[in-house]
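Novice: First the structure, then my questions, so here it is.
The values are calculated or read from the model by the stated rules, or taken from the named source; none is laboratory data. Being a predicted model, the structure only gives us computed values, none of them experimental. All Cβ positions, even for glycine, are placed from backbone atoms using ideal geometry, and neighbour counts span all protein chains on display.
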């Protein structure tokens, strides 16, 4: 019996209906390279291996790693015993299908980490805190719209698939969850930019949400820059669509 560990943010999925719905949404096919992040006690691992000849798993908890290695031979399940935040997903090839019931305490940094490997990824299916999914799919001028929204929507198409109640887990978390699908945008869908500068602009804009762009971006843009871009400096960061942040970055790159 494995006791869930708080420091790893472990909440294990136990609802068969939800498990079936997730696997059905992923629809894995033999021959595909499927990677599961944080397989835990194998709630998704087992049904995935019922459909696939081989699966990769990335797991930090050594007790769970040993448990998984006892349950399946290495030719069926390759377990990468490491921190997903530091894992080089590019080493697994291209056209990756990545899935996971992500620990809530690492979900946002892990999503940022995976942006780096979007050229290697076909799609991602993640169970996350519902509040995070709300931020991911948010529209401009809403309370949920922010840095995470912009960074992800620039690079991915996002689809909210299903809601998951706390009772689907053991132990039940104190929050609701949701499953989201991310599909990397094709190169011709992405405005070519200096990615580091884009990230800096977005981060600066949202550094103080209640202040206007004149305050948060004043060190980067002069009044004439705002005028040339057609952006009202009196607005707050959440008012601008992704395309405006791309336009700001392009102007700063001139």
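Novice: Based on this model, can you work out whether residue 59 counts as exposed (fewer than 15 other Cβ atoms within 10 Å of the Cβ), under 30 Å from residue 195 (Cα atoms) and under 22 Å from the mean Cα position of the chain (by Cα)?
Specialist: So residue 59 does not fit the description; no.
Novice: I'm trying to understand the selection: among the residues of the stretch 212-239, which are assigned to a loop (DSSP other than H, G, I, E, B) and either touching a strand residue (DSSP E or B) at 6+ places or on another chain (Cβ under 7 Å) or under 28 Å from residue 119 (Cα atoms) (or both)?
Specialist: Step one: list which residues in the stretch 212-239 are assigned to a loop (DSSP other than H, G, I, E, B), which gives 217-222, 230-235.
Of everything in the stretch 212-239, those that are assigned to a loop (DSSP other than H, G, I, E, B) and either touching a strand residue (DSSP E or B) at 6+ places or on another chain (Cβ under 7 Å) or under 28 Å from residue 119 (Cα atoms) (or both) turn out to be 233, 234, 235.
Novice: Got a sec? Which helices (runs of 4 or more DSSP H) wholly within the stretch 100-157 have at least 3 residues that are in contact with a strand residue (DSSP E or B) (Cβ under 8 Å, 6 or more places away or on another chain)?
Specialist: Details: elements: 107-115, 130-136, 147-155.
By residue number, 107-115, 130-136.
Novice: Looking at (1) surrounded by fewer than 17 Cβ atoms within 10 Å (Cβ to Cβ); (2) in contact (Cβ under 8 Å) with a residue 60 or more places away in the chain; (3) more than 17 Å from residue 155 (Cβ to Cβ), which is the one condition that is false for residue 241?
Specialist: Of the numbered conditions (1) surrounded by fewer than 17 Cβ atoms within 10 Å (Cβ to Cβ); (2) in contact (Cβ under 8 Å) with a residue 60 or more places away in the chain; (3) more than 17 Å from residue 155 (Cβ to Cβ), the odd one out for residue 241 is (3).
Novice: Kindly provide the set of residues from the stretch 195-211 that are farther than 21 Å from residue 115 by Cα and touching a residue at least 60 places away in the same chain (Cβ under 8 Å), ordered by number.
Specialist: 209
Novice: Is there any pair linking a residue in the stretch 82-106 that is on the phi > 0 side of the Ramachandran plot and exposed (fewer than 14 other Cβ atoms within 10 Å of the Cβ) to one that is modelled with pLDDT of 95 or more and assigned to a strand (DSSP E or B), with Cβ under 6 Å and at least six apart or on different chains, and which?
Specialist: 95/122
Novice: Follow-up question, since we're still on this one. Filter the stretch 20-51 down to the residues that are surrounded by fewer than 18 Cβ atoms within 10 Å (Cβ to Cβ) and without any contact (Cβ under 8 Å) to a residue 60 or more places away in the chain and list them by number.
Specialist: Result: 20, 24, 27, 29, 30, 31, 46, 50, 51.
Novice: Report yes if residue 91 is in the same structural domain as residue 184 (by TED's automatic domain parsing), touching a strand residue (DSSP E or B) at 6+ places or on another chain (Cβ under 6 Å) and over 29 Å from residue 166 (Cα atoms), otherwise no.
Specialist: Numbers: in the same structural domain as residue 184 (by TED's automatic domain parsing): yes; touching a strand residue (DSSP E or B) at 6+ places or on another chain (Cβ under 6 Å): no; over 29 Å from residue 166 (Cα atoms): yes.
No: the conditions fail for residue 91.
Novice: Additional query: Select from the stretch 160-177 the residues that are in contact (Cβ under 8 Å) with a residue 24 or more places away in the chain, surrounded by fewer than 21 Cβ atoms within 10 Å (Cβ to Cβ) and not in a loop (DSSP other than H, G, I, E, B) and list them in ascending order.
Specialist: Once the filter is applied, which keeps residues that are in contact (Cβ under 8 Å) with a residue 24 or more places away in the chain, surrounded by fewer than 21 Cβ atoms within 10 Å (Cβ to Cβ) and not in a loop (DSSP other than H, G, I, E, B), the stretch 160-177 yields 160, 161, 162, 163, 167, 170.
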